[in-house]
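Below: the structure, in structure tokens.
The values are calculated or read from the model by the stated rules, or taken from the named source; none is laboratory data. Just so we're clear, the structure is a prediction, and the values are computed from it rather than from any experiment. In this analysis, Cβ positions are derived from the backbone assuming ideal geometry, glycine residues included, and neighbour counts consider all displayed protein chains. Heads up: the accessible areas ignore ligands, DNA and RNA and are worked out on the full protein's heavy atoms, side chains in. Shrake-Rupley method; radii C 1.70, N 1.55, O 1.52, S 1.80 Å.
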Amino acid sequence: QVQLVESGGGLVQPGGSLRLSCAAIGRIFVINAMGWYRQAPGKQRELVAVLTRDGSTNYADSVKGRFTISRDNAKNTVYLQMNSLKPEDTAVYSCNIQVAPFWPSDFNDYWGQGTQVTVSS
């Protein structure tokens with residue numbers, strides 16, 4: 001079994017920065033894609049950023065140029081650096097990591113517990 005442990009959320013003023021972290025712990029052989037999603041009150045969950053095993057990235061248009069996703073393979077950890085934060089970035093952010101516990105096998109989706117990011121003056 002795999003557990004994802006998130007950290008780094010909080011309250012920040014508009015224009016500020018935060019860095020989210022998500023560490024995968026447990027039986028891990030291969031990690032495929034790692035990503036961040038968010039859900040604001042009354043809205044559907046949306047993809048914020050994803051980083052594939054080959055290093056490709058994809059960002060929501062609303063965060064391009066402000067957010068950066070990265071990974072530390074040695075620590076099985078994905079990060080989301082968020083700069084120039086806006087009130088509309090306020091949401092619960094959750095990480096998603098695709099893990100194969102052994103090889104060859106299918107990749108299983110795992111989700112973090114979610115961390116609140118609030119951008120307000």
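Side notes on the structure shown:
- In the range 1-22, the residues that are open to solvent by less than 30 Å² (accessible area, probe 1.4 Å) and either part of a loop (DSSP other than H, G, I, E, B) or within 13 Å of residue 76 (Cα to Cα) (or both): 2, 4, 6, 16, 21, 22
- Neighbours by Cβ (under 7 Å, 6+ apart or cross-chain): first from the range 1-28, farther than 20 Å from residue 103 by Cβ; second loosely packed, with under 12 Cβ neighbours inside 10 Å and among the hydroxyl-bearing types (Ser, Thr, Tyr): 11/120; 13/121; 14/121
- Of all residues making up the range 47-65, the number that are closer than 16 Å to residue 85 by Cα and open to solvent by less than 30 Å² (accessible area, probe 1.4 Å): 4
- Any hit, the range 99-111, residues being of a type in the set (A, V, I, L, M), within 23 Å of residue 64 (Cα to Cα) and touching a residue at least 24 places away in the same chain (Cβ under 8 Å): no
- Taken together, the residues in the range 47-95 that are free of Cβ contacts under 8 Å to residues at least 12 places away in the same chain, in a loop (DSSP other than H, G, I, E, B) and within 23 Å of residue 28 (Cβ to Cβ) amount to 3.
- Test: residue in the range 25-46 that is on the phi > 0 side of the Ramachandran plot, assigned to a loop (DSSP other than H, G, I, E, B) and either surrounded by fewer than 18 Cβ atoms within 10 Å (Cβ to Cβ) or not hydrophobic (A, V, I, L, M, F, W, C) (or both): yes
- Which numbered condition residue 74 misses (of (1) among the small types (Gly, Ala, Ser); (2) open to solvent by 60 Å² or more (accessible area, probe 1.4 Å); (3) touching a Phe, Trp or Tyr at 6+ places or on another chain (Cβ under 8 Å)): (3)
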